[in-house]
2 protein chains.
Amino acid sequence: MVAALGALAHEHRLALFRLLVQTGEDGMPAGAIAQALDLPNSSLSFHLAHLTRAGLIAQRRQGRSLIYSADYPAMNALVGYLLENCCGGAGCAPDTDAAPVRRPLAERKTA
Amino acid sequence: MVAALGALAHEHRLALFRLLVQTGEDGMPAGAIAQALDLPNSSLSFHLAHLTRAGLIAQRRQGRSLIYSADYPAMNALVGYLLENCCGGAGCAPDTDAAPVRRPLAERKTA
DNA sequence: GTGTCATTTCCATAATTGTCGAAATAATAG
DNA sequence: CTATTATTTCGACAATTATGGAAATGACAC
């Protein structure tokens, strides 16, 4: 969990992750990311590896390109953890608006 | 936002923040925290300052003690940001179980 | 095989972060 | 004012993280 937070706790990596989230399941080749973010290849590769180690993004090969994509379940787990452990139990978001009482994830295990 | 993530991206600080979240609005004096977490005062002070700079905790004085407490709205904002920007728009948590379709925070602005 | 494209790994270097004892500050009591 | 308690700041050092050019790897086309 600390690893995931640490992975997102960097300007370039947060931008990178957001980009992949927007891009969707299809993902994006490293080169295109480097161009979009205006980063030297070696620096980008470093950050991609960091996010991969943290389990937030996935890598697959397509021809000579390596395609990276956001791991939504991992992000889901992170948000779930924060909601459960760092939000005063009863619910961090005080005005969940229409959504009726956001049940803490803990309750769902037994349910 | 990066600052908030970075503040939580450390074993001791995450534990510290969770402790303060559990403790509630009343908060806890620095000494008690140091004892609970078994950290030297100077180290703890460093981490408290880090979390404070990130806006995740608040400080108030009570006699000679400095009481720290979690800033729930700040945490709320952080989770909101992650939900909005890092969770594929339509909703990161795919199976919100009982909770009927967790609306993206974006929609609530206009509502 | 050779050439080329996409990307990573290696390397050196710069910058930041974490640690904790000791000294400094702040508040209160006597 | 002195003593005591609570906590921070200072300082020095170790450890980790970030950067980017150059060389290495992997995949494909010819």
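The values are calculated or read from the model by the stated rules, or taken from the named source; none is laboratory data. On a predicted model such as this, the values are computed, not experimentally measured, just so you know. A quick note on method: Cβ atoms are made from the backbone with ideal geometry, for glycine too, and the neighbour counts reach across all protein chains shown. Quick note on the areas: whole protein, heavy atoms, side chains included, nothing else; ligands and nucleic acids left out. Shrake-Rupley method; radii C 1.70, N 1.55, O 1.52, S 1.80 Å.
Please compute the average number of Cβ atoms from other chains found within 10 Å of each residue's Cβ in peptide B:5-16. Walk me through the numbers on the way to the answer.
Numbers: counts 9, 5, 2, 8, 11, 4, 2, 1, 2, 7, 1, 0.
Taking all residues of B:5-16 together, the mean is 4.
On the accessible surface of the stretch A:17-57, probed at 1.4 Å, how many percent belong to carbon and sulfur atoms?
Working: 1030 of 2100 Å².
Its accessible area is 49 percent carbon and sulfur atoms.
Can you list the residues in the stretch A:61-81 whose accessible area drops by at least 20 Å² when all protein chains are present, compared with the chain alone? Use a 1.4 Å probe, heavy atoms only.
For the stretch A:61-81, once contacts with the other chains are taken into account, A:TYR72, A:MET75, A:ASN76, A:VAL79, A:TYR81 lose 20 Å² or more.
If the chain between B:ARG18 and B:SER43 were fully stretched, how many nm would it gain, using 0.36 nm times the residue separation less the Cα-Cα distance? Don't skip to the end; give the middle numbers.
Numbers: separation 25, 0.36 × 25 = 9.00 nm, distance 1.74 nm.
Result: 7.3 nm gained on full extension.
Before we go on, tell me the buried accessible area for the B/A pair, both chains summed, 1.4 Å probe, in Å² to the nearest 100.
Answer for the B-A pair: about 2900 Å² buried.
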